[in-house]
Every structure is written in C-alpha cells, then in structure tokens.
1. What are the residues in the range 3-38 that are in contact (Cβ under 8 Å) with a residue 12 or more places away in the chain, assigned to a helix (DSSP H, G or I) and open to solvent by less than 70 Å² (accessible area, probe 1.4 Å), if any?
2. Tell me which residues, restricted to the range 3-57, are of a type in the set (Gly, Ala, Ser), at pLDDT below 90 and touching a strand residue (DSSP E or B) at 6+ places or on another chain (Cβ under 6 Å).
3. If a residue counts only when it is more than 29 Å from Asp187 (Cβ to Cβ) and polar (S, T, N, Q), which strands (runs of 3 or more DSSP E) contained entirely in the range 43-140 have at least 2 such residues?
4. When the range 39-58 is examined, which residues are found to be in contact (Cβ under 8 Å) with a residue 24 or more places away in the chain and open to solvent by 90 Å² or more (accessible area, probe 1.4 Å)?
5. Taking the condition of being modelled with pLDDT of 90 or more, open to solvent by 50 Å² or more (accessible area, probe 1.4 Å) and among the hydroxyl-bearing types (Ser, Thr, Tyr), how many residues in the range 150-187 meet it?
6. Within the range 89-123, which residues are within 13 Å of the chain's Cα centre (by Cα) and surrounded by 21 or more Cβ atoms within 10 Å (Cβ to Cβ)?
Amino acid sequence: MLYLWVSPEDWSDKNTALYSNDNSTNRFIFLNGERLPFEIESRKLFYDAKVPQKNLLSYDYIVNTGYFPLVSLKVADLLNDLVPDEVQFVETEIRCKDGILTNYKGLNVTHKIKGIDRKNSIYTTSTVKEEYISGIKYLTCLPGCMGKYSIARDEDYSTNLMVTEKIKLAFENAKITKGINLVTPEDYFGLYSPNQK
C-alpha cells in the first residue's frame, strides 16, 4: 500500500511555520529528491512562527511553507534507523513568540520515483511544457512504483511525498501520530473520480 504524506486536516493556519528565505537555503532544492551536498546539509534552516512554543511542541510534524516536512527528533531518529539511505536531516530554528525551538529537523528525501499513473489520474499540465503536471484532481499510482524505496518524491509532481506501509506501521507502532497524516491517494482525492475527466 502506498500513502501520501500530507498536512493534517485539523491543522490551524496560525501554527504554520513560515520558511525564512532570507536566511535559509533555497527551499525548492528539497523537491529534487536528491541527496543534499554537505555545504547545504550543514547549513541551518530558519522559520518564523507567530505562536508560543507550546502551540507546536506536541506535534511530530509541523506544517510549514518550505515544501518539505519539519519533523520532531523522534520522527528523525525513527526514519534514520529505518531508512537511513533514503533520508537526510537539516538542523532548524523555529523562532516563536516566546523563544526559539531547535528540536525539529528539516527532512530531505533523497530519492524520486515515477509514481503517477497518467492514464488513470486527473491532472492539469503546464502551459509552458505540456509534459509537466501542474495540478492534480485525482491520483492513481502505478503498481510497484516505489520499487525498493520506502519514502520518495514523485518525479512527475515533486510536492507529492510518498511512503509505504513500512513507514506507516513504524509511525503507528512508535505512537507518532500528532500532526502526521498519511493517506492513500484515492482517499485524499476522494471527492473526484476518473469518470469526471
């Protein structure tokens, strides 16, 4: 079974951590699905949050504007143990109203796969290059698309972060649930169907 890692439905926008472009690495590099070079991996990432630290501290995943997960040390340790060759972590500072949080890390996923079944999905394409997918209304993934990976970016739509049952079960067994939302593509895009093409 394949799952999308998406923001939780009950997330409050006021808790979203804002990526600081002025002080941090270009956030789009994290969408490449490639290992970061040392000079980028070793740089700290900065975020601003308009809430007190206590609003965020109970979450294992903090929604942010950086296009990649901001995860607790518990999640980072678990993924490092489970799939060390598929993940990379970058130190962060979240500047809250009442101080700085440093116990979250930016998660970089180091591989990408071709996951989208274009024939059975509903999507829009870029006006610049028609082969580029610019939006998805309904997603069906290719059988076996994850191959040997347990976590990967989608090559055709890089904001799609996909995980396997292995990751989902590991999170559940470790009681990592606060803020983590892993959902099947069919459930996530359930309002639509291929019949609406």
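1. Asn15, Arg27, Phe30, Leu31
2. Ser24
3. The strands (runs of 3 or more DSSP E) meeting that bar number zero.
4. Arg43, Lys50
5. Total meeting the criteria: 2.
6. Lys105, Gly106, Leu107, Asn108, Val109
Matching residues to (1) under 25 Å from Leu18 (Cβ atoms); (2) among the aliphatic types (A, V, I, L, M):
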residue: Leu31; (1), (2): yes, yes
residue: Glu39; (1), (2): yes, no
residue: Leu45; (1), (2): yes, yes
residue: Lys54; (1), (2): yes, no
residue: Val63; (1), (2): yes, yes
residue: Ala76; (1), (2): yes, yes
residue: Asp81; (1), (2): no, no
residue: Glu93; (1), (2): yes, no
residue: Thr127; (1), (2): no, no
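This table checks each residue for (1) more than 23 Å from His111 (Cβ to Cβ); (2) in contact with a helix residue (DSSP H, G or I) (Cβ under 9 Å, 6 or more places away or on another chain); (3) among the polar types (S, T, N, Q).
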| position | (1), (2), (3) |
| --- | --- |
| Arg27 | no, no, no |
| Gly33 | no, no, no |
| Leu45 | no, yes, no |
| Asp60 | no, yes, no |
| Val63 | yes, yes, no |
| Gly66 | no, yes, no |
| Leu70 | no, no, no |
| Ala76 | no, no, no |
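The values are calculated or read from the model by the stated rules, or taken from the named source; none is laboratory data. Computed from a predicted structure; not experimentally measured. So basically every Cβ, Gly included, is an ideal-geometry build from the backbone, and we count neighbours across all protein chains shown. Each accessible area value is taken on the protein alone, full model and side chains, heavy atoms only, with ligands, DNA and RNA left out. Shrake-Rupley method; radii C 1.70, N 1.55, O 1.52, S 1.80 Å.
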